[in-house]
1. Out of residues 5 or more away from Asp197 or on other chains, whose amide H comes under 5 Å of its own, with H placed 1.01 Å from N in the peptide plane?
2. Calculate, in nm to one decimal, what Phe25 and Asn12 gain on full extension: separation in residues at 0.36 nm each, minus their alpha carbon distance.
3. Any of Lys123/Lys155; Lys117/Lys151; Lys16/Lys79; Lys111/Lys170; Lys252/Lys307 with alpha carbons more than 25 Å apart? Name them for me.
4. Using the alpha-carbon atoms, what tilt in degrees (0 to 90, nearest 10) does helix 173-182 show relative to the longest principal axis of the chain?
5. Tell me the GluC sites (Glu not before Pro) within region 43-145 that lie in a loop according to DSSP and have at most 10 other beta-carbon atoms within 10 Å.
6. Quick one: which residues, 5 or more positions from Leu191 or on another chain, have an amide H under 5 Å from its amide H? H modelled 1.01 Å from N in the peptide plane, none for Pro or chain starts.
7. So, with +1 on the Cβ of K and R and -1 on the Cβ of D and E, and no other charges, what is the size of the charge dipole of region 2-105 about its Cα centre, to the nearest 20 debye?
8. Using only alpha-carbon positions, what ratio does the radius of gyration of the chain give when scaled by 2.2 N^0.38 Å?
Amino acid sequence: MKTLVILFEKENKSGKAFEFLDIPFMDKVYFDFFDLLLESGLSVIIVRGLEKIIDNSTFTQGFIYLGKGEFKKTSGQLKADIVWDRTFLNSNYPKIGQESKAEILNLPEFKLITENKWETYKKYPNYFPKTILVKDTESIIKELEEIETDKFVFKPLDLYGGKGVELFNKKDISIFIEFLNKNPNYLLNSLVQEFCDSSIGIKGVIEGNHDLRFMTTNKKVLLCYLRTPTDPNEFRSNYSLGGKLTIVETEKLPREVLEFIEPLISEIYDEYKNPLYSIDLFNTTKGLKLIELNGPITGFPEPGDLKRFYDNLLERFV
């Protein structure tokens, strides 16, 4: 029996092996998938804490999944055949240059471009709205002239879930400069983008502000779900900000949406050895645009008819 180790950076405060404190339903969504992994002959072990790492494929102390949401704590050397790495890039795992007997999702170079929005933009600039790195208050005033829209979006490089994202008006640039002066930590650690209006929706799918998340691996889309803000004054659709999630069958999407991301999926598959990640995009008055890429820390969707998603994801691990 092969072993899948799911690696997290730290222990849960509760001491439990696996727990989403803020999203109670999420535990079951993952446990249903873990049950399928067991049925397919894959042992599942949760390892929590960087101090439990011996090398890239060996760990000490973890929680063996027994099925139906139950775990048993274990110690001693744990050998992984596959590591589902849910740590961040700064965790220094996997160690570069160290041979690993396990397959690791995802490679450090892919973690880099999915955890830093500026690195993502530099790698795939043609997919994104015009984007500028915030270096200092003097240069940003001049560089903002390249932004063609009246509004622009400010984003910290390494935050997620819509955290720190702000909307500013070019006519009131002094307000933005004052904001940067009060938050000097954002210099070289944030970017600005042209504001793209997604209120035009997607024909046959959604009217109004939205974004689409495509979870992908094995060179194909595993699942697509629509995110829409519940607040009519909110331009962000993140679930953590009250956004609503709805699973969308890819067959119901306009063909041009899939045609937009298929070359990107193929390129990432070839260059980064088949990672597991998600693509966020929206349809705007400036056309289809990417919002960001997310690595394997991407959360699963809400409970629902997830058989197709589970079956597709199962192929990647088994």
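Rule-based calculations on the coordinates, nothing more; no lab input. Keep in mind it's a predicted model, so treat the numbers as computed, not measured. Every residue, glycine among them, receives a Cβ derived from its backbone with ideal geometry; neighbour counts consider all protein chains shown.
1. It is Thr285, Lys286, by chain and number.
2. Gain on stretching Phe25 to Asn12: 3.0 nm.
3. With Cα atoms farther than 25 Å apart: Lys111/Lys170.
4. The answer is roughly 40 degrees.
5. Passing both the DSSP loop test and the Cβ count: Glu99.
6. So Leu191 has HN proximity to Val134, Lys155, Leu157.
7. 280
8. My calculation over the Cα atoms of the chain gives 1.05.
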